[in-house]
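This report refers to the structure that appears directly beneath it.
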Amino acid sequence: MKVIDHINNAKGETLFSFEILPPLKGTNIQAIYDGIDPLMEFNPKFINVTYHREEYMYKTRENGLLEKVSIRKRPGTVGICAALMNKYKVDAVPHLICGGFSKEETENALIDLHFLGIDNVLALRGDAIKTESNFRPHPEGNQFARQVVEQVVDMNEGQYLMDDISLDPTNFCIGVAGYPEKHFEAMNLSTDMQNLKEKVDAGADYIVTQMFFDNKKYFAFVEKCRAVGINVPIIPGLKPIQNLNHISFLPKFFHIDFPDDFANALTKCKNNQEVNKLGVEWGVQQAKELKAAGVPCIHFYTMSKSESVKAIAKEVF
Ligand SMILES: Cc1cc2nc3c(=O)[nH]c(=O)nc-3n(C[C@H](O)[C@H](O)[C@H](O)COP(=O)(O)OP(=O)(O)OC[C@H]3O[C@@H](n4cnc5c(N)ncnc54)[C@H](O)[C@@H]3O)c2cc1C
């Protein structure tokens, strides 16, 4: 079932959903199930599975020279989606990125999803490869998420890349990403929002936000979206902070700020346990306020660790 249908069927009730990462290559899928099992009691309507592109590493050859090798550390997005739908009877939302994909490879990935009965996709650009400073699209691929949306919409209308004849139409519900604190490459929030509007006008059914720790930023973002004519559901994304490393990692990696109250409280935490406890308390507070405001769904970034999300969900759902 489509995410947008879950939202419409809920008739104003706030849904629960979460995102997982495929496990590191060579890890058993049981690790994924162990993370998901504790969250199933909260009746998630869908589970997102991220997509991770290749990275470059240097390996020392026998002759001592370095060799640049390409590796995908977390493959398996499509397989995990199919496994989740089969095991939990829950809808899976695979993430589909531009980076590393030609348009034909995107089309083929969508055909796989269609054949597997997956009705949803989150259309993204993806980030630059870790060793590169800027995002570079595949020479025959899509440059912006909007173009992925357009490609999916074409396929939903039976238009594939190869020629003009109408083929078996797909039936995907399309989500896209939004950034309450601005995408880090955008000149300002207004241009970022215009680009977001283009994605929605191209056919996106809903938006999922980047994580944020200040609900005021989400509410202001929704207000600005509505003012520029973006009228689709905007699902807030929450991430419970879990350890001392997150204090510097999350702002740096996701280009987000902690509000003053939260930052002050974090400064006083002496160990991982204290950060984790504060993360749950903050998450409960955020989620309760968002739910009271009638958001369509609260989407949790688990980063494949479910304890904190479970503790929050227990208080809120
Ligand atoms: C909910 C969520 C899930 C994510 N999941 C993944 C994942 O699974 N795998 C992964 O690799 N990454 C993931 N990301 C990260 C995402 O890929 C990066 O943030 C990426 O840098 C931008 O992706 P996007 O889809 O928002 O890009 P876009 O919407 O294409 O925007 C990218 C930048 O280009 C600008 N832009 C857009 N259109 C134009 C235009 N026509 N002209 C000029 N500038 C333009 C935008 O303002 C923005 O600054 C996720 C992010 C979110 C919020």
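Remarks
- Hull volume per residue, based on the alpha-carbon atoms of the chain and their convex hull, is 158 Å³.
- Probing with 1.4 Å while keeping every protein chain in the model, the per residue accessible area of the chain equals 49 Å².
- Computed P(r) (all Cα pairs; region 97-140; 5 Å bins; percent): 6, 21, 24, 21, 15, 9, 4, 1
- For region 1-42 and region 94-146, distance of Cα centres in Å: 21
- Estimated Rh, region 32-120: Kirkwood, alpha-carbon pairs, angstrom: 15.2
- Taking a straight line from the alpha carbon of residue 197, these lysines sit under 17 Å away, with near neighbours fewer than eight places off in the same chain left out: 182, 224.
- Each of 208, 269, 254 was scored by the projection of its Cα onto the charge dipole of the chain, and the greatest displacement toward the positive side belongs to 269; charges sit on the C-beta of Lys, Arg, Asp and Glu.
- For region 161-317, fraction of C-alpha pairs farther apart than 28 Å, in %: 28
- A straight Cα-to-Cα reach below 23 Å connects residue 89 with the lysines 2, 11, 45, 305, 310, 314, residues fewer than 8 places away in its own chain not being considered.
- The HN-Hα couplings worked out from phi for region 125-140 by the Karplus form 6.51 cos²θ - 1.76 cosθ + 1.60 (θ = phi - 60°) are 7, x, 8, 5, 4, 3, 8, 10, 7, 10, 5, 10, x, 4, x, 10 Hz, whole numbers, x standing for Gly and Pro.
The values are calculated or read from the model by the stated rules, or taken from the named source; none is laboratory data. Source: prediction; values computed, not measured. Don't worry about glycine lacking a Cβ; one is built from the backbone with ideal geometry, like all the others, and counts go over all protein chains shown. Accessible surface areas use protein heavy atoms only, side chains included; no ligands, DNA or RNA. Shrake-Rupley method; radii C 1.70, N 1.55, O 1.52, S 1.80 Å.
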